[in-house]
Each structure stands twice: as C-alpha cells, then as structure tokens.
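Reviewing the structure listed below.
The values are calculated or read from the model by the stated rules, or taken from the named source; none is laboratory data. Treat the numbers as computed from the prediction; the structure is a model and nothing was measured. Neighbour counts run over all protein chains shown; Cβ positions are idealised from the backbone, glycine included.
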Amino acid sequence: MAIYTAEVLWARSGQKFIDNRYSRKHILRFDSGIEIAGSSSPHVVPVPYSALDAVDPEEAFVASLSSCHMLWFLAIAAEHGFVVDDYQDAAEGVMAKNADGKLMMTVVTLRPEVHFSGESTPTDTELHKLHHLAHDACFIANSVKTEVRCEPRQAAL
C-alpha cells in the first residue's frame, strides 16, 4: 500500500465571503514541495473569482489520466523493445450531466501522438496494443467512473 498526499491551501485574506464574491485561487502543494496555483474553473465560477492563470480541478483530472497513461505507455514500450523519442497528448474532458442529472466528467479522450526511432518501430496494430495495455494498467483510469478513451494519433514523419 502506498499513501499519496497533497495540501490545498486557501485564505480569505480580508475578502467578503458570504456574498460569494471571493477569489477561488489557492495553492496545491505536493509532498515534493512543489506548489502550483489552483482555482475553480472559469466555466463554473466566472472571472475574476476564478483565476485564468491557475489549474482547475477539471483540468487536473484530465491531466492526471493523461499522465498516468503516458507513464505506463513508456514503460510498456520499453519492455517491448520500442524506443520512444517523444510523446504528446492533446487530452480532452467533457463535463456533462449523468443519468441522475448530476454534473460529472463523462468522457476523457486521450489523443497521444508518439514518435519512435531505432531498429524496430511498432506497426499500427502493435501501437494500439501498447495503448490498450497502458490503459488497462493505469491506476487513475482504474479508479474512476468516467469513460476514458484512447485515440492514438498517427505521428507525422
């Protein structure tokens, strides 16, 4: 068993509060000491109460799924003898109401584009298999109800 931690820090800093006109900007601090700015999404809480220069939970959720998939993909590609030169993903999450009328991230689509080099590069079938194996192994994808799709993009030569 492993335990992962994150701190979320927010302070009112003299702002009014009960009128709902307060900044949602906060700090996300991780166990390594790294801090990033967090905020509510401007799609949910309008600017200036949301900060455009911060990561919102919805973006962090999509990034977490994408990052986990990539890390597994890299490990599995190496295990299969494929040399990955770079990996890019233009991941996208869709927020919509579920069958109970509650807002949720209903679909996250990963669109990874991977460039390989070396003596052996994967065929399209092998590439899709690598992504399938990475998806099955991803801890984050295995932890959520959201449908997570992977639509690999053909790498430009």
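From the list V107, V114, V94, V148, the lone residue that is touching a residue at least 24 places away in the same chain (Cβ under 8 Å), touching a strand residue (DSSP E or B) at 6+ places or on another chain (Cβ under 8 Å) and surrounded by fewer than 17 Cβ atoms within 10 Å (Cβ to Cβ) is V107. Being part of a loop (DSSP other than H, G, I, E, B), basic (K, R) and either touching a residue at least 24 places away in the same chain (Cβ under 8 Å) or over 25 Å from H115 (Cα atoms) (or both) holds for only one residue in R29, R12, and it is R12.
Residues of the stretch 27-45 that are more than 19 Å from the chain's Cα centre (by Cα) and either surrounded by 10 or more Cβ atoms within 10 Å (Cβ to Cβ) or assigned by TED's automatic domain parsing to the domain that holds F61 (or both): V45 alone.
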